[in-house]
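Structure first, commentary second.
The values are calculated or read from the model by the stated rules, or taken from the named source; none is laboratory data. Predicted, not measured: the structure shown is a model, and the values here were computed from it. Heads up: the accessible areas ignore ligands, DNA and RNA and are worked out on the full protein's heavy atoms, side chains in. Shrake-Rupley method; radii C 1.70, N 1.55, O 1.52, S 1.80 Å.
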Amino acid sequence: MLTGMTSEPEQQIGVGTPDAFQRLWTPHRMAYIQGENKPSGPGAEDGCPFCVIPGKSDEDGLVVARGERVYAVLNLYPYTGGHLMVVPYRHVADYTDLDAAETAELADFTKRAMAALRAASGAHGFNIGMNQGAVAGAGIAAHLHQHLVPRWGGDTNFMPVVGHTKVLPQLLGNTRAMLADAWPAL
């Protein structure tokens, strides 16, 4: 157990009416909520994390696999364990701006990611998609990225709905290593 962590209920004086709920604190989410590491503008030179990640080691960048035109990377703020993204190296915002080779490799990496997630974690299904533009929900609209969210029977529960909390059973570094090991070869 982590130092200072307890599973025992803790009464906090002065924070409202006591209820019977325990708290599962996720302070790492505050970085996402506050927009930490979000690009300052639409250009590649404006701090785009998807342009920075390829220059890091696989471990530091949470890169699962690298291709010629795209790479697969774990989502730093995942919906479920194993949530990854396929991202073109080229800083492009819209799917229609991909060239034929980028489109083909993005599709191939999507298939390979599904195979790796099934082999490594026994995923039963997937949510796969792109949010095109900020109004469509893209957190980083200036750099195209496709999400692959593995799903399992019974994986939805009360935590996101009632607790506004996602429970992830594995650290991102361990998930990255597991998926990289399961990534299918060409």
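Solvent exposure of the stretch 57-182 amounts to 49 Å² per residue of accessible area, where only protein heavy atoms count and the probe is 1.4 Å. Per-residue extension of 0.36 nm, minus the Cα-Cα distance of ALA185 and ARG90, leaves a gain of 31.9 nm for this segment.
The heavy atoms of GLU59 offer some 110 square angstrom of accessible surface to a 1.4 angstrom probe.
Run the accessible area of the stretch 57-182 with a 1.4 Å probe and give the carbon-and-sulfur part as a rounded percent.
Values: 3420 of 6150 Å².
Carbon with sulfur: 56 percent of the solvent-accessible area.
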